[in-house]
1. For Arg45, what is the net charge nearby, where nearby means another residue's Cβ is under 12 Å from its Cβ and Lys, Arg count +1, Asp, Glu -1?
2. How large is ³J(HN,Hα) for each residue in the stretch 61-76, as worked out from phi by the Karplus curve 6.51 cos²θ - 1.76 cosθ + 1.60 (θ = phi - 60°), to whole Hz, x for Gly and Pro?
3. Sort 65-78, 82-95 by the packing proxy (mean of other Cβ within 10 Å over each peptide's residues), most packed first.
4. Out of residues 5 or more away from Val74 or on other chains, whose amide H comes under 5 Å of its own, with H placed 1.01 Å from N in the peptide plane?
5. On the protein heavy atoms, probe 1.4 angstrom, tell me the percent of accessible surface of the stretch 32-87 carried by carbon and sulfur.
6. For Val86, what is the net charge nearby, where nearby means another residue's Cβ is under 14 Å from its Cβ and Lys, Arg count +1, Asp, Glu -1?
7. Using θ = phi - 60° and the Karplus curve 6.51 cos²θ - 1.76 cosθ + 1.60, what whole-Hz ³J(HN,Hα) does each residue of the stretch 48-55 get, with Gly and Pro shown as x?
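The values are calculated or read from the model by the stated rules, or taken from the named source; none is laboratory data. The structure displayed is predicted, hence computed values, not measured ones. All Cβ positions, glycine included, derive from the backbone under ideal geometry; neighbour counts span all protein chains shown. In case anyone asks, the SASA skips ligands and DNA or RNA and just uses the protein heavy atoms, side chains included. Shrake-Rupley method; radii C 1.70, N 1.55, O 1.52, S 1.80 Å.
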Amino acid sequence: MAVSHQYPENLDPRVEALVTEVIGRVADKWTMIVLEVLTEHGELRFSRLAQLAEGISQKMLTQTLRQMERDGLVIRTIHPVIPPKVEYRLTELGFTLAEAFCGVWPKLNSAGGTRRERELVSI
């Protein structure tokens, strides 16, 4: 299903393409859920993040975190212990994005919205 956008008439096509690409990359379901979890709980180990991000597979969480790290949304910290301890936290950019995109979730919760409704809003 194609989505039509209402951009200003004089918008540079390169800017339009960039905006569409950025929104498409960061506004996927799992990125939004990971943003929500890290915003609510702060720095987390992979296993705890997987528990709190209900329904995500290990493979999808790994892919999502790698992409978020490449996009500058999360910082991955590896602690030199045995077994290895890896933690993830939001960058300032990640917090800014979470505020922009996730701001509707508290409103849905106060109005009786479910997690599924929040997921639909974030897509």
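1. Numbers: positive: Arg48, Arg76, Lys85, Arg89; negative: Glu43, Glu87.
So the surrounding residues net to +2.
2. 5, 4, 4, 5, 5, 4, 5, 5, 5, 4, 7, x, 9, 10, 10, 9
3. Numbers: 65-78: 16.2, 82-95: 14.1.
Listed from highest to lowest mean packing, they are 65-78, 82-95.
4. Glu69, Thr91
5. Working: 1700 of 3280 Å².
Its accessible area is 52 percent carbon and sulfur atoms.
6. Numbers: positive: Arg45, Arg48, Arg66, Arg76, Lys85, Arg89; negative: Glu43, Glu69, Glu87.
Local net charge: +3.
7. The phi angles translate into 5, 4, 5, 5, 7, 8, 3, x Hz.
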